[in-house]
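Peer 1: So that we are looking at the same thing, I have put the structure below in structure tokens.
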Amino acid sequence: MSPLAIQGPKAEELTAKVFGDVVRDIKFFRYKKLQFLDQKFVVARSGWSKQGGVEIYVEDTKSGLELYDLLFEEGKEFNVKPGCPHLIERIEGALLSLSLIHI
């Protein structure tokens, strides 16, 4: 399972273009299984940034790549770019992660 995060102020709008307006009904820390091509994806709002966003959990490479390509195609009007988590923004937004190692 691989998470694909769509983050930023236009995340919901882009995700709704691909999965439909039902995305707008997903509440924070909730998910829905939504259809894309021949597969259902878990689409969640888990809060990886203070800007809001959506996470899509991908099970296989083929449909994951097709979804990724479509998101970039549909996201051209939003100037979509690849990214990664921004640690300083997460700290400023009080979205802290804690990893514990117990030996």
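Peer 1: Suppose every K and R has +1 on its Cβ and every D and E has -1 on its Cβ; what is the size of the dipole of region 1-77 about the Cα centre, in Debye to the nearest 20?
Peer 2: My answer is approximately 440 debye.
Peer 1: List the chymotrypsin sites (Phe, Trp or Tyr not before Pro) within region 1-50 that fall in a DSSP loop (any state other than H, G, I, E or B) and whose Cβ has at most 15 other Cβ atoms within 10 Å.
Peer 2: Passing sites in region 1-50 are PHE28, PHE29.
Peer 1: Moving on to the next point. According to a simple spin-label model (label point 7 Å from Cα along Cα-to-Cβ), what is the distance in nm between PHE78 and SER63?
Peer 2: It works out to 2.1 nm between the two label points.
Coordinate-derived values only; no laboratory data. Remember, predicted model here, so these are calculated numbers, not experimental data. Cβ: placed from backbone, ideal geometry, glycine included. Neighbour counts: every protein chain shown.
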